[in-house]
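To start, the structure itself, in structure tokens.
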Number of protein chains: 2
Amino acid sequence: MSAKDRTRPGEIEAALPERTDARVVFIGRIRTPFKTRDECPRQGRIDGPVCRIEIDEPWRAALKGLEHYTRAEALYWLHEARRDLVRQSPKSDGRSIGTFALRSPNRPNPIGLSLVEIVSVEEGAVNVRGLDCLDGTPLIDLKPDSCAYTPPANPKKDA
Amino acid sequence: MSAKDRTRPGEIEAALPERTDARVVFIGRIRTPFKTRDECPRQGRIDGPVCRIEIDEPWRAALKGLEHYTRAEALYWLHEARRDLVRQSPKSDGRSIGTFALRSPNRPNPIGLSLVEIVSVEEGAVNVRGLDCLDGTPLIDLKPDSCAYTPPANPKKDA
């Protein structure tokens, strides 16, 4: 564990249970210009650098139709994060905030989520802006932005 | 598998690999008025019914500070979804769309994501509007809405 990963004054740890309630399968990886965590922005910006989301087989066929959208939500696994902090002290000032009131990568299920702008969709890859993650971060999902999305199926009676 | 889960004409299956690349731990559950999938809306609505997100120990302490936000992102595991469809036919008309161009629950990692409005934060629970999931859906994460969020730590040089 590097110095920056040490528990700070005021932070509260809670060991992650050993159980596996669901299993995640990595479906690709994200190529970004950020080679270390210090280089990663705290939040992705829609005017940030172009990053490349590479999709593995057999999921490349699942990109069909994404080219009709301008924005998408990318979900990825923050593989270097701690999973055992329930209170964190972002300013290292002895005061702590709950993990669910932070967008810190350190969380019991370290899933990163960014709203990205789609620059282009290729065979097996998507170029986007708006990501904040390390180069090589594993991809777990990609879906059209909920704001722009209209379900293609007929509305149910609730809609 | 019920009739509605059968593969439709035009849909493409790809078996999910057996591997576990990352393990998810359920941290609570979501109480909604939707007792069957037919009752679930296709998308949650901010003016929809109040639902209750229950947090298990040891993560209740992680709620501290969430009361300062009006909106949050809830991530949950769509435990009844299929994970083996790369092309889906929402209208059952023989035409199919890629899974990453849909917000269907059926996806390789069936993670649901809703932007919710926070009604109240209690000890160990959050009441919200905007969810679309089945009663009893396992919770995997909760974080402040990215639009309203300003990281509490000092900005990095990129910001």
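The values are calculated or read from the model by the stated rules, or taken from the named source; none is laboratory data. Predicted, not measured: the structure shown is a model, and the values here were computed from it. Using ideal geometry, Cβ is built from the backbone for each residue, glycine included, and neighbour counts are taken over all protein chains shown. With ligands, DNA and RNA removed, areas are computed over all heavy atoms of the protein, side chains included. Shrake-Rupley method; radii C 1.70, N 1.55, O 1.52, S 1.80 Å.
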## Note on the structure
All conditions in (1) facing another protein chain (nearest Cβ under 8 Å); (2) closer than 28 Å to B:PRO138 by Cα; (3) without any contact (Cβ under 8 Å) to a residue 24 or more places away in the chain are true of A:ILE12 except (3)
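Please go through the range A:26-54 and give me each residue that is β-branched (Val, Ile, Thr) and either free of Cβ contacts under 8 Å to residues at least 60 places away in the same chain or more than 8 Å from chain B (Cβ to nearest Cβ) (or both), ordered by number. Please lay out each step first, then the result.
Step one: filter the range A:26-54 for residues β-branched (Val, Ile, Thr), giving A:27, A:30, A:32, A:36, A:46, A:50, A:53.
Result: A:ILE30, A:THR32, A:THR36, A:ILE46, A:VAL50, A:ILE53.
Output the strands (runs of 3 or more DSSP E) that fall wholly within the range A:1-95 and possess 2 or more residues being among the aliphatic types (A, V, I, L, M) and under 20 Å from A:ASP132 (Cβ atoms), or say none. Can you show your working first?
On the way: elements: A:22-24, A:28-31, A:50-55, A:71-77, A:85-88.
Qualifying strands (runs of 3 or more DSSP E): A:50-55, A:71-77.
Kindly evaluate A:ARG82 against the criterion of being open to solvent by 40 Å² or more (accessible area, probe 1.4 Å), touching a residue at least 40 places away in the same chain (Cβ under 8 Å) and not polar (S, T, N, Q).
On the way: open to solvent by 40 Å² or more (accessible area, probe 1.4 Å): no; touching a residue at least 40 places away in the same chain (Cβ under 8 Å): yes; not polar (S, T, N, Q): yes.
Criteria not met by A:ARG82.
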### Residue count, the range B:93-115 (criterion: surrounded by fewer than 24 Cβ atoms within 10 Å (Cβ to Cβ), of a type outside the set (Gly, Ala, Ser) and at the interface with chain A (Cβ under 8 Å from one of its Cβ atoms))
4
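Can you tell me how many residues in the range B:41-73 are open to solvent by less than 40 Å² (accessible area, probe 1.4 Å) and in contact with a Ser or Thr (Cβ under 8 Å, 6 or more places away or on another chain)?
5
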### Query
Among the listed residues B:ARG87, B:ARG107, B:ARG103, which satisfies the condition of being more than 17 Å from the chain's Cα centre (by Cα) and basic (Lys, Arg)?
B:ARG87
### Task
Quick one: count up the residues across the range A:11-25 that are open to solvent by less than 40 Å² (accessible area, probe 1.4 Å) and either farther than 28 Å from A:TRP59 by Cα or under 16 Å from the mean Cα position of the chain (by Cα) (or both).
6
### Query
Can you pull out the residues in the range B:119-140 that are surrounded by fewer than 22 Cβ atoms within 10 Å (Cβ to Cβ) and assigned to a strand (DSSP E or B)?
B:VAL119, B:SER120, B:GLU122, B:ALA125, B:ASN127, B:ARG129, B:PRO138
### Query
Can you find even one residue in the range A:117-135 that is touching an Asp or Glu at 6+ places or on another chain (Cβ under 7 Å) and facing chain B (nearest Cβ under 8 Å)?
no
